[in-house]
Structures are given as C-alpha cells and as structure tokens.
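Below: the structure, in structure tokens.
The values are calculated or read from the model by the stated rules, or taken from the named source; none is laboratory data. These figures come from a predicted structure and were not determined experimentally. Cβ atoms come from the backbone with ideal geometry, glycine included; neighbour counts cover every protein chain shown.
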Amino acid sequence: SLQQLPPNAAEAAAARAAAGSAPVLTSRGPEASEVPAARSKRTLSGYFVRSGEETSQAKAPRHEVLHPPAREMAAGQQRHAAVARAADKEDASASVDSKTGNERIASIFEEMSVIQKLRRDRFRSQAYAKAAQALRAHQEPIASGAQAKGIPGIGSGMAGRIDVILATGELSELDELKRDSDVIALRELRSVHGIGAVRAAELVERGIRSLLHLREAVAKNQVHLDAAQVVGLRHCEEFAKRIPYAEMKEHHHMLEACRLRSNPKLLLTVCGSYRRERPDCGDIDVLISHPDYTTAKRDANAGGKLLHAFVEALKHGGYVTADLAFGNTKFMGVCRLSGDERLHRRLDIRCLPNDQYHFGMLYFTGSAALGVKMRLKAIELGLTLSEYGLENRKTGEKVKASCEQDIFRCLATAKVCRLFQVVHVRRRYLF
C-alpha cells in the first residue's frame, strides 16, 4: 500500500523507522491507521512511495503526521497552501509533463467551439472541439502547424490557426467573435440555467438580447419559460458567483450532518474542484451510494429511492430550496446555507452503485487533464475507463476497485504515479 512519511527531521525519522516505532499513515483515507514504519521508503522530498519499490520523486508539499497534534494543527494552513499550489500547477499545465503550449492552443479552440455552438454552427463547433481534444491528448509539445497536421483531428485549417497562435499568442477570429453583438447576447442569455443554444438564438431573433429584456418579457407574458428556467433566471447572478473554499466546507458539513441524521450508512463525497482543494468552485458536486446498492443486486428503483430520500431530507432541513431536474440517478437543484447574506448555489447529486462509486469519485473530481491522461493509459492497456468502471475492451471483464488508489495502481506508470502523488495528497485530508 502507499504510505505517507513524516515531513520534518529526516535523521530522526530514519532513526525511528530503524527502531520500527515511527507512526506513518496509510493511504486509505481519513480513517488513517498506523503501520510499521520500517516498511516504508523515503524519498529526498519527504514523499511517500510504494512499499518495496521506487517511484519517481515529485516535488511536493510536506505533510502532517499523527503525532504530536500540536505540530499537526500548526502545519495545517501551510499544508493546505502548499497542496493548493501543487493543484494550481497541475490544473494550469494540464499535465505533469510538457503540454503547456498544447493546452493553451486547446483552450482557444475550445472557446471557439463554444462560440460556434452559440451561433448554432454545429459542424464548426464539433471540429474545434475535436481539435482541442486531440491536442490535449498529444504527448509531445506542438511547435508548428505542420507538425500538428500529423495528429488525427487536425486538418489544414486548424494547422494554419495553430501557426497563428504560436506566432502571436492569440487568434484574431476569436477576438472578433467575442466582440460580435449577437455572440455577446447569446452568451448572456445562455448563462440562465436551462436555456440552451437553440432557445437563446430564438430569443435573440425576437429582439431579446439581455437578462433585463428577458425578465421584462417574462413579466409581460411575452415569453414562456419552464419551471427550471424560471428558477435559473431568478438566481442567475448568484449562480455566476464563485463559491469560496471556506463556504464549500460549510456546505460539506451540512451535507454530512444530513447524511448522519437520515441514513448513516450512506456514502457521500463532495467532488469537483472542492475535492481538488481549489480556492473556489462553480457549483457543488456530490456523489452518493450505499453498501447494499450494487450492480449485481440492484433493482430498477434502488438508486432512485436512495437519491429521493436524501434530497427530501435536505429539503426538510431547508437546505435545498428548488428543483431543476430530478431523475433516478441524478438531482440538479438549488441550495442555500442559513443566513440572510447567503447566496443560492447550484447543487448536483449523483447516485451510483457501490461497485462504481470509486470510479465515479475519480471521474467527477477531475481534473480534466488527469482524466484524459488516465483514459489514454487505459486504452494503451486494452481497457476502457469511465465513471462507471474499468473493463477489458475485448472480454468485457470488469476491474474491481475498493478505493480510488486501486484505479491508479491498475494503470500505474511513472507519469500516472506522479499525477497520483499530487492527486492523492490533495484528497487525503477531506471527509
């Protein structure tokens, strides 16, 4: 198993390890247990390594140990800041290797894809999206459009745009589209939950080009919105505001408290960028399951019953204030902490069978770069990785995972292990 080593005093740690008395933490999550320190190996960075084998060293934040508690508490803020910096580096670079330039080009193409979708140009939108995905998956840094033409999904037109981006750092087409009045209007209207590209285009054609115009038209019964769109319009400005990490922790504690009251055996993880310890989040992504809910013995309504019971408990406590969509496996709604100054936030809850839970945790936590890296590695090994599991592409045999780490171990390579070192430490100290 992976183990975590004490952060300070290398000589003292080595002496304690030799004596077999130093406490270290296993990688099994918050319920950390002590194991003999003699089984662990220490890297120069003070990081954990696999028992009995070496992994690549990674520059990483120092970590806390179980004893003494005073030092653990004092190091808490420093650890969080260091972990956040590590996460910043990973998310910004889109991988641990050398894809910074590729990610920059891919981001521009992705934005072009979104704008073309707003303009209802499906062909161009898909072409840009495909090019962005291909660039993110490419292992080598792109130095020219000619080089990029060798990548599936990159044609002559995209190659020419890549040359422009590499030469100027931007794409004039994108800048022009951003200034287009129709695109500006479409973007503003699409910020309302439930209003897609087609509906937004219809509204613009009717002369409704802003949220103010839309609210006036709805008030005069000139435009009809469904229930979810009405809620989205009501709280649009609140939803647009990021959720600070400190507030996310309050939401997490609220969800945990409700879980303990309503169904203590329920499994719950707050995923998304919160679990990656980002400084803020766009919404609240929650994953739930139950030990008795599995793919082998589930009935058609088992997941729905779990999900509905939990959401009803959240509503009973006044935390969930409105529904946006409610199915058997996913709830989309609005929540709000108690207090006059509190904002309404978007809440998504997904329910997965227990044997798919850890795959869902990995998928819905991200980051996108990590997901791409691991899915590509799975393909190399003849496997398919998704939020529902890891399976052999030929035989359909499923790989079991009793924790998130098992998935990393199955796909273990030097590159994936370096990603794991950052990811595992970030998630180590949450519920």
Applying the selection to the stretch 198-248, what residues are β-branched (Val, Ile, Thr), in a helix (DSSP H, G or I) and within 30 Å of Phe310 (Cα to Cα)?
Val230, Val231
Under the condition of being surrounded by fewer than 21 Cβ atoms within 10 Å (Cβ to Cβ), of a type in the set (A, V, I, L, M, F, W, C) and under 19 Å from His344 (Cα atoms), which residue from the stretch 244-257 is nearest to the chain's Cα centre (by Cα)?
Ala246
Only one of (1) under 22 Å from Leu324 (Cβ atoms); (2) modelled with pLDDT under 95; (3) crowded, with 17+ Cβ neighbours inside 10 Å does not apply to Val183, and that is (1)
Going through the stretch 279-298 in order, the residues found to be surrounded by fewer than 22 Cβ atoms within 10 Å (Cβ to Cβ), without any contact (Cβ under 8 Å) to a residue 40 or more places away in the chain and under 16 Å from the mean Cα position of the chain (by Cα) are Asp280
In the same structural domain as Arg119 (by TED's automatic domain parsing), surrounded by fewer than 20 Cβ atoms within 10 Å (Cβ to Cβ) and either without any contact (Cβ under 8 Å) to a residue 12 or more places away in the chain or within 21 Å of the chain's Cα centre (by Cα) (or both): does that describe Ser172?
yes
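Specify which of the listed residues (Glu238, Glu205) is more than 22 Å from Gly366 (Cα to Cα), touching a His at 6+ places or on another chain (Cβ under 8 Å) and either surrounded by fewer than 16 Cβ atoms within 10 Å (Cβ to Cβ) or of a type in the set (Val, Ile, Thr) (or both).
Criteria check complete, one pass: Glu238.
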Check the stretch 308-329 and report whether any residue there is under 30 Å from Val230 (Cβ atoms), surrounded by 15 or more Cβ atoms within 10 Å (Cβ to Cβ) and among the acidic types (Asp, Glu).
yes
Being part of a helix (DSSP H, G or I) and either touching a His at 6+ places or on another chain (Cβ under 6 Å) or at pLDDT below 50 (or both): is that true of Glu103 here?
no
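Table: residues versus (1) modelled with pLDDT of 85 or more; (2) not in a helix (DSSP H, G or I).
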| site | (1), (2) |
| --- | --- |
| Gln126 | yes, no |
| Ala129 | yes, no |
| Leu135 | yes, no |
| Glu140 | no, yes |
| Ala143 | yes, yes |
| Ile151 | yes, yes |
| Gly157 | yes, no |
| Gly160 | yes, no |
(1) touching a Lys or Arg at 6+ places or on another chain (Cβ under 6 Å); (2) exposed (fewer than 13 other Cβ atoms within 10 Å of the Cβ); (3) basic (Lys, Arg): which one isn't true of Arg276, the others all being true?
(2)
Could you check the stretch 337-393 and list, in sequence order, the residues that are at pLDDT below 90, basic (Lys, Arg) and over 19 Å from the mean Cα position of the chain (by Cα)?
Arg393
Given (1) aliphatic (A, V, I, L, M); (2) surrounded by fewer than 21 Cβ atoms within 10 Å (Cβ to Cβ); (3) modelled with pLDDT of 95 or more, where does Ala302 come up short, assuming only one miss?
(3)
Among the residues of the stretch 362-405, count how many are loosely packed, with under 15 Cβ neighbours inside 10 Å, under 19 Å from Gln139 (Cβ atoms) and not aliphatic (A, V, I, L, M).
2
Looking for whichever is of a type in the set (Val, Ile, Thr), free of Cβ contacts under 8 Å to residues at least 24 places away in the same chain and not assigned by TED's automatic domain parsing to the domain that holds Ala228 here; the options are Val204, Val164. Which one fits?
Val164
